[in-house]
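Asker: Dropping a structure here in structure tokens format, bear with me for questions.
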Amino acid sequence: MYLYSLTLQQPTGIICAINGSFSGGKVQEIVVARGKVLDLLRPDDNGKLQTLLSVEIFGAIRSLAQFRLTGAQKDYIVVGSDSGRIVILDYNKEKNCFDKVHQETFGKSGCRRIVPGQYLAIDPKGRAVMIGACEKQKLVYVLNRDTAARLTISSPLEAHKSHTITFSICGVDCGFDNPIFAAIELDYSEADQDPTGQAANEAQKHLTFYELDLGLNHVSRKWSEQVDNGANLLVTVPGGGDGPSGVLVCAENFVIYKNQGHPDVRAVIPRRVDLPAERGVLIVSAAMHKQKTMFFFLLQTEYGDIFKVTLDHDNDRVNELKIKYFDTIPVTSSLCVLKSGFLFASSEFGNHALYQFQAIGDDPDVEASSSTLMETEEGFQPVFFQPRKLKNLVRIDQIESLMPIMDMKIVNLFEEETPQIFSLCGRGPRSSLRILRPGLAVSEMAVSQLPGVPSAVWTVKKNVNDEFDAYIVVSFANATLVLSIGETVEEVSDSGFLDTTPSLSVSLIGDDSLMQVHPSGIRHIREDGRINEWRTPGKRTIVKVGSNRLQVVIALSGGELIYFEVDMTGQLMEVEKHEMSGDVACLDIAPVPEGRQRSRFLAVGSYDNTIRILSLDPDDCMQVLSLQSVSSPPESLLFLEVQASVGGEDGADHPASLFLNAGLQNGVLFRTVVDMNGGQLSDARSRFLGLRAPKLFSIVVRGRRAMLCLSSRPWLGYIHQGHFLLTPLSYESLEFAASFSSDQCAEGVVAVAGDALRVFTIERLGETFNETAIPLRYTPRRFVLQPKKKMVIMIESDQGAYTAEEREAAKKECFEAAGNSENGNAEQMENGEDEDDSDPLSDEQYGYPKSESGRWVSCIRVLDPRTMQTTCLLELQDNEAAFSICTVNFHDKEHGALLAVGTAKGLQFWPKKSFEAAYIHIYKFKEDGKVLELLHKTQVDGVPLALCQFQGRLLAGIGSVLRLYDLGKKRLLRKCENKLFPNSITAIHTYRDRIYVGDMQESFHYCKYRRDENQLYIFADDTVPRWLTAAQHVDFDTVAGADKFGNIYFARLSQDVSDEIEEDPTGGKIKWEQGKLNGAPNKLEEIVQFHVGDVVSCLQKASLIPGGGECIIYGTVMGSVGAMLPFTSRDDVDFFSHLEMHLRQEFPPLCGRDHMAYRSAYFPVKAGCNRWRLM
Amino acid sequence: MQASDRFNINSQLEHLQAKYVGTGHADLTRFEWAVNIQRDSYASYVGHYPMLAYFAIAENESIGRERYNFMQKMLLPCGLPPEREDD
């Protein structure tokens, strides 16, 4: 089996983000690393974040930094990845790509302990970069420019220290003196040697300054001093005239200012009132903002609270360090303060957000200061605060993030054209069930009923220079309706259009006159109101029209073409006639190219399954230039100019190619390239769009011409990041459409369907999925679907949180306390109340209060996805949490389908996995599947992590035991068990009499159940120890699995062994008793091996298009969705493996990781090809 | 040191051990081996962000806290070293 890997949704989580001006000038941009993808984002004028560029780098990005050479206008990007190389990138605005400026190899590839790449630090003046590893190694590269002002990089200078763990590094701002880098280091050499534990207790973190001597080209340890043992993060403090220099050391509960020859200035980080005393407060992300006269830091804690840190200093002396509560937003992986007054927050889990600063926290608020620091016998006196509503920030945009996808199922529950993807996303209070549909989201602006069933709609401007459209013209079977667009849209009769006849086409012609083509003639309405009518000769009628601004071609019944042009005076003049062999099915003229008088090409589709290109040049007018035969009569034609190559933002520098698109009657969209000079057609491609013949319309997307194809569902063909994309719209099927532009809606579409006129805009271009989110209470774990009842049943559990009632009580208490003005801002609370009384502190924003780590909260939810309503929510009591779920039909039909839920009470992972009790709950469905009722609860002796129905019984993986249960009156009854599994069973799939069991650490085991002997036994297992995170049964002999390290693999039992077992009357039992290599007698073969580079959390077998082949769809922790498609022919395999090979050679990955090595990061890649973006 | 010593297997090993932390030798104890494996694992968890996120979900902690915990555990990953027998 060979598979083709295709990423459907790029990772949506963000690992780290940096901001700067990467395209040069004053524009602020953000570069985000999403694991294996590097994106460039820019907030537009409306404050919406736009993705300008997205590059898959085939490697794991671990750190990013930006720097600017002195006096330069743009920032460079430094990438620390798993490639064992340092890579410096430059954003090329013209080509819209990242140019690799430098790539220097320093070590082995992979995320290793002593290979740098984990940390990056930049000298604030852009003279040097330090790249560090978790342990020992740190390398410094000197950056400079050569005579041609190009960036140069030196050979590496070592700043290694063995037996030392590095927690963080940063550059120290010391103006134009020798660059200095600071690092938090911990030496473990003595602790490793001392069995008494004294050395380990005394092990002390140090803050070390490394100085790069630019004259000697040498790095030396300049200064090293003890630092708080909770230190985890360093932040550069401005220096060299802008500030006191030095660093901020963020430690657990403290922020400390340190510099060489300066006493420590320490302040406590304020704590939330409800935080348990044993928990520390750790800073997880930081940002510094510097203006000419002042600077401040924003530090975010692990609970989401942002503090503003300011330093009170005279020159180099820091007198006071103040930490003031700023605002609370969801926990981020990176904070970026943009100079334009925005804060970009890349959330750890859930949607990312862009905030605008309303204030910079100058108002009084809870504040901790170094000068008021009190040391008591129990340590330093803490400062408390209560989170409040956003005061300094206001959210203006958010980017959807699926991270983490916990479980996913693909099913056509709503009976739509394509199946929906149901995915459980997010964590804690920010979790949600998201229903993904392939397609672009559409926002409907207006729907209005019309007096009849319209057949067509157009929009026209009155003048070529007008910004907005003037009229919407709707054609019915025997009439035409004209609507004028203004403040409102209303019918008018003074437009000059003939309203007693249907229309075939309405458009602007010349500079300022309108043209209406109706079956018996052409009506030309001049700007001053004069009307010229051209009537068809005899009784022939016009059947088809093609026009652009200066040219009109009409086809009369019988197949005669008449060609008109607009002359210098604005008159429409007949130029040429041409007799076609038969009736014309469709016509189109390419738009007039810039600076030309006419377009050269006319495309004519005929019922004899051909498309002809005719010339409109005066020299060879109406000569057939080329002919293309197609599979079915064409229904609609459209010329579309596309900047095929990767262009700049406007793409103007690149030659465009002209494409002829044809919608055929069999539902296929056919596309060919038209040669700009000779009109020859080449490179034909076709794609099935739907059951109806696609009608093609030209609309405007982002100021460029795009194509709307209306088949049984609408599709949009447009250019995104230099690529032409054809994607479906999530909207109902439409009859006829036209672009629409008005005051309220700059780039819309007006369309008719049924008897309604619809106006809509297309949003979030470039996205593959359109999602509907339903918020949940706790981290969702697993879910099951009931296809018949169309219900979703899911389990949610969270560790270290309070139950809903406890939270309510605590919240009430804290508001009473706030009445006493503990924060000193009772006024603000009052304001808050009248704004949003029901939800003063949304958990989504502030997170759940933390409790002791041994406490669990959990619930079982039944949800109707159509109405998005929860019909039943059972909160588990007594520290019990649910981990597995399945529906089961027991032998006796008394109850019908039942729900089994596996739970554990008081589960602890640390120091050793333990639990108080574990249960399997059996629930009965009531009220048409909407409500659950507990039937009984059975105590079991291990945590049931997997449940599955098997032959009218329940199979449960209870710890390392596989057990078969039957339903009893009061409890489940044990029928049979097998205790030979190595660790813990996490997945069970069944097919006929085979059971495929996935073990947490030891991959798959194939079992068989012998009914006559009532015995479960393992007849085959895998040879590779795999930490299984997801499993999916593929066929009788094959299962697909994913491991913790980001590999997807398929394990298969070879055909002869499988046959042997099936034919053996003992079912291989005799052989089983022998065993092999401490396991089962037969071994599975791994037939597919592929490193995804992301923890795969769910696998699903499905086909995404009706009638399409089945493929494996996976969802990952970073929020990406991908598909693995099996190849059907050997030729395809050959073609794609060769293509992949050539791409590897000609186009190596951006960040220097070898593609083959990346895909083989843990096991050699086998039988997988993958898509490259630039194809 | 003679010129031929450079190609001697022992000196090559010594060079490797100095350059690559964790390279084993004949007298490696079970404890030292385990410590190395654990430190490598923690470094790998910290380096692979999706893995950190996976742990963070399991323990319901923030990713930053999880990273800090793993770095801290690199100090004594397997507890205290055993008493040396030859002392």
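The values are calculated or read from the model by the stated rules, or taken from the named source; none is laboratory data. Since this is a predicted model, take the numbers as computed values, not measurements. For neighbour counting, all protein chains shown are included, and Cβ atoms are generated from backbone atoms with ideal geometry for every residue, glycine included.
Asker: Report yes if A:F349 is away from every other protein chain (no Cβ under 14 Å) and of a type in the set (F, W, Y), otherwise no.
Answerer: no
Asker: Let me ask something additional. With A:K48, A:K36 as the choices, which residue is within 14 Å of chain B (Cβ to nearest Cβ) and over 26 Å from A:T152 (Cα atoms)?
Answerer: Of the residues listed, the single one that is within 14 Å of chain B (Cβ to nearest Cβ) and over 26 Å from A:T152 (Cα atoms) is A:K36.
Asker: Considering each of A:V482, A:V492, A:V464, A:V447 in turn, give the residue that is surrounded by 20 or more Cβ atoms within 10 Å (Cβ to Cβ) and either hydrophobic (A, V, I, L, M, F, W, C) or touching a residue at least 24 places away in the same chain (Cβ under 8 Å) (or both).
Answerer: A:V482
Asker: Filter segment A:1-48 down to the residues that are crowded, with 19+ Cβ neighbours inside 10 Å, of a type in the set (A, V, I, L, M, F, W, C) and in a strand (DSSP E or B) and list them by number.
Answerer: Selection gives A:L3, A:C16, A:A17, A:I18, A:I30, A:V31, A:V32, A:A33, A:V37, A:L38, A:L40, A:L41.
Asker: Criterion first (over 21 Å from A:D407 (Cα atoms) and touching a residue at least 40 places away in the same chain (Cβ under 8 Å)) does A:A918 satisfy it?
Answerer: Taking the combined requirement at face value, the residue satisfies it.
Asker: Here's a follow-up. Collect the residues in segment A:877-895 that are hydrophobic (A, V, I, L, M, F, W, C) and under 34 Å from the mean Cα position of the chain (by Cα), keeping them in residue-number order.
Answerer: A:A881, A:A882, A:F883, A:I885, A:C886 - these are the residues of segment A:877-895 that are hydrophobic (A, V, I, L, M, F, W, C) and under 34 Å from the mean Cα position of the chain (by Cα).
One line per residue, one yes/no per condition, for (1) away from chain B (no Cβ under 14 Å); (2) part of a loop (DSSP other than H, G, I, E, B); (3) of a type in the set (S, T, N, Q); (4) under 20 Å from A:I958 (Cα atoms):
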residue	(1), (2), (3), (4)
A:F1004	yes, no, no, yes
A:I1018	yes, no, no, yes
A:T1023	yes, yes, yes, no
A:R1026	yes, yes, no, yes
A:A1030	no, no, no, yes
A:F1045	no, yes, no, no
A:F1050	yes, no, no, no
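Asker: Against the condition at the interface with another protein chain (Cβ under 8 Å from one of its Cβ atoms), farther than 20 Å from A:M403 by Cβ and surrounded by fewer than 17 Cβ atoms within 10 Å (Cβ to Cβ), how does B:R84 come out, does it pass?
Answerer: yes
Asker: Taking the condition of being in a helix (DSSP H, G or I), more than 11 Å from chain B (Cβ to nearest Cβ) and among the aliphatic types (A, V, I, L, M), how many residues in segment A:200-212 meet it?
Answerer: 0
Asker: It is to be established whether one or more residues within segment A:371-383 are surrounded by 22 or more Cβ atoms within 10 Å (Cβ to Cβ) and either touching a Pro at 6+ places or on another chain (Cβ under 6 Å) or not assigned by the TED database to the domain that holds A:E320 (or both).
Answerer: no
Asker: Can I ask one more? Please go through segment A:862-875 and give me each residue that is touching a residue at least 40 places away in the same chain (Cβ under 8 Å) and either hydroxyl-bearing (S, T, Y) or within 25 Å of A:G942 (Cβ to Cβ) (or both), ordered by number.
Answerer: Once the filter is applied, which keeps residues that are touching a residue at least 40 places away in the same chain (Cβ under 8 Å) and either hydroxyl-bearing (S, T, Y) or within 25 Å of A:G942 (Cβ to Cβ) (or both), segment A:862-875 yields A:T871, A:L874, A:E875.
Asker: Scan segment A:610-621 and give yes if some residue there is modelled with pLDDT under 85 and part of a strand (DSSP E or B), otherwise no.
Answerer: Scanning segment A:610-621 turns up no residue that is modelled with pLDDT under 85 and part of a strand (DSSP E or B).
Asker: So, one more: What are the residues in segment A:450-477 that are modelled with pLDDT under 90 and of a type in the set (S, T, N, Q), if any?
Answerer: A:N463, A:N465
Asker: Right, another one. Would you please list the contacts, defined by Cβ atoms under 6 Å and residues six or more apart or on different chains, that run from a residue in segment A:770-787 that is modelled with pLDDT of 90 or more and part of a strand (DSSP E or B) to a residue that is crowded, with 18+ Cβ neighbours inside 10 Å and charged (D, E, K, R)?
Answerer: Going by the 6 Å Cβ cut-off, the qualifying pairs are A:A773/A:R434; A:P780/A:E796; A:R782/A:D407; A:F783/A:D407; A:L785/A:K409.
Asker: Moving on to the next point. Check A:I1105, A:I1113 and return the single one that is under 30 Å from A:N351 (Cβ atoms) and surrounded by 17 or more Cβ atoms within 10 Å (Cβ to Cβ).
Answerer: A:I1113
Asker: Here's another thing I want to ask about it. Filtering segment A:927-976 down to residues that are of a type in the set (S, T, Y) and outside any loop (DSSP other than H, G, I, E, B), which residue is nearest to A:T990 (Cα to Cα)?
Answerer: A:Y965
Asker: Please work out if A:H163 is in contact with a Phe, Trp or Tyr (Cβ under 6 Å, 6 or more places away or on another chain) and over 18 Å from A:W223 (Cβ atoms).
Answerer: In short, yes.
Asker: Given A:E302, A:E278, which one is of a type outside the set (A, V, I, L, M, F, W, C), touching a helix residue (DSSP H, G or I) at 6+ places or on another chain (Cβ under 9 Å) and within 14 Å of another protein chain (Cβ to nearest Cβ)?
Answerer: Result of the check over A:E302, A:E278: A:E302.
Asker: Within segment A:101-170, which strands (runs of 3 or more DSSP E) (wholly inside it) include 2 or more residues that are closer than 17 Å to B:R67 by Cα and within 14 Å of another protein chain (Cβ to nearest Cβ)?
Answerer: Output list reads A:119-122.
Asker: Still on this structure, I have one more. Away from chain B (no Cβ under 11 Å), surrounded by fewer than 19 Cβ atoms within 10 Å (Cβ to Cβ) and among the small types (G, A, S): does that describe A:G197?
Answerer: For A:G197, the condition - away from chain B (no Cβ under 11 Å), surrounded by fewer than 19 Cβ atoms within 10 Å (Cβ to Cβ) and among the small types (G, A, S) - is not met.
Asker: Test of understanding: among A:D407, A:D397, A:D469, which residue is under 36 Å from the mean Cα position of the chain (by Cα) and within 14 Å of chain B (Cβ to nearest Cβ)?
Answerer: Of A:D407, A:D397, A:D469, the one residue that is under 36 Å from the mean Cα position of the chain (by Cα) and within 14 Å of chain B (Cβ to nearest Cβ) is A:D407.
Asker: Output yes when any residue across segment A:1120-1138 is crowded, with 22+ Cβ neighbours inside 10 Å, of a type in the set (A, V, I, L, M) and either in contact with a Gly (Cβ under 8 Å, 6 or more places away or on another chain) or not in a loop (DSSP other than H, G, I, E, B) (or both), and no when none is.
Answerer: yes
Asker: Can you find a residue that is in contact with a Pro (Cβ under 6 Å, 6 or more places away or on another chain) and either farther than 17 Å from A:A737 by Cα or buried (at least 19 other Cβ atoms within 10 Å of the Cβ) (or both) anywhere in segment A:525-542?
Answerer: Yes - at least one qualifying residue is present in segment A:525-542.
Asker: Right, next: Of the residues B:A53, B:A58, only one is free of Cβ contacts under 8 Å to residues at least 60 places away in the same chain, at the interface with chain A (Cβ under 9 Å from one of its Cβ atoms), surrounded by fewer than 14 Cβ atoms within 10 Å (Cβ to Cβ) and within 20 Å of A:S347 (Cβ to Cβ); which?
Answerer: Answer to the check: B:A58.
Asker: Let me ask something else about it. Taking the conditions exactly as written (under 30 Å from A:M1124 (Cα atoms), modelled with pLDDT under 95 and not assigned by the TED database to the domain that holds A:K409), does A:K969 satisfy them or not?
Answerer: no
Asker: Only one of these conditions is not met by A:D1094: (1) buried (at least 20 other Cβ atoms within 10 Å of the Cβ); (2) of a type in the set (D, E); (3) more than 27 Å from the chain's Cα centre (by Cα). Which number is it?
Answerer: The failed condition is (3).
Asker: Sticking with this structure for a sec: Filter segment A:896-909 for residues that are assigned to a loop (DSSP other than H, G, I, E, B) and over 33 Å from the mean Cα position of the chain (by Cα); which is nearest to A:K926 (Cα to Cα)?
Answerer: Top of the filtered list is A:G896.
Asker: Any residue that is under 41 Å from the mean Cα position of the chain (by Cα), modelled with pLDDT under 80 and of a type outside the set (F, W, Y) - is there at least one of those in segment A:625-633?
Answerer: No - not one qualifying residue is present in segment A:625-633.
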